[in-house]
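First up is the structure itself, then whatever we jot down about it.
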Amino acid sequence: MGDHHDVHKSDTYKSMIDISRDGFRFLATLNGGTWLAVLTFVAKDASWADVQLVKCGVKWFIVSMALTALCFLGSWTSQYCLHNENHGRFREGRHMIPVVITFLMYVAAACCYAYGAWLAMEGLIL
């Protein structure tokens with residue numbers, strides 16, 4: 001019975017790493033791709049665009065990227081805590097603190113991305 005529990009803990013730990021990595025990769029790729037597309041589009045001919053709105057949108061993309069980077073740190077902290085919980089060095093459940101904080105930062109990063117994209121599109125569609 002104990003072996004099954006240990007295998008489950010190990011599999012859960014590994015899957016958390018995969019899920020975290022894939023989520024951050026998605027948000028970073030989405031952010032960077034949109035940022036690059038907006039800048040390329042405006043670089044061709046910005047005379048018709050509302051440059052202030054586009055600039056503001058790009059700033060929100062940067063905030064989103066910074067939050068995504070902080071999420072990576074939060075994910076590492078979660079993994080560190082969970083690893084130490086599994087070895088009895090930390091109390092059970094301690095990893096949930098960085099998990100919740102990281103999740104909230106990820107949601108904030110996604111919201112910043114969406115708002116930045118909306119602003120950029122408003123600046124490009126006149």
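The values are calculated or read from the model by the stated rules, or taken from the named source; none is laboratory data. Model, not experiment: these values are computed from the prediction. Note that we place each Cβ from the backbone using ideal geometry, even for glycine, and neighbour counts take in every protein chain shown. Surface areas here come from the heavy atoms of the whole protein model, side chains and all, with no ligands, DNA or RNA. Shrake-Rupley method; radii C 1.70, N 1.55, O 1.52, S 1.80 Å.
With all protein chains kept in place, the per residue accessible area of region 15-126 amounts to 61 square angstrom at a probe of 1.4 angstrom. Only one residue of 107, 95, 56 has its Cα farthest out toward the positive end of the dipole of the chain, where Lys and Arg carry +1 and Asp and Glu -1 on Cβ, and that residue is 56.
If R0 equals 41 Å, the separation of the Cβ atoms of residue 14 and residue 46 corresponds to a calculated FRET efficiency of about 0.30.
With the simple spin-label model, which puts each label point 7 Å out from Cα in the Cβ direction, the residue 29 to residue 84 separation comes to 3.3 nm. Of the solvent-accessible surface of region 1-112, computed with a 1.4 Å probe over protein heavy atoms with every protein chain present, carbon and sulfur atoms account for 70 percent.
Please give the helix 2-44 orientation as an angle from the longest Cα principal axis of the chain, in degrees from 0 to 90, rounded to the nearest 10. Result, in degrees: 10. Multiplying the residue separation of residue 4 and residue 62 by 0.36 nm and removing their Cα-Cα distance gives an extension gain of 16.5 nm. For volume of the Cα convex hull per residue in Å³, the value calculated from this model appears in (i) 93; (ii) 83; (iii) 104 under label (ii). Along the chain, the longest continuous region that contains none of the trypsin sites (Lys or Arg not before Pro) in a DSSP loop with at most 10 other C-beta atoms within 10 Å is 1-88.
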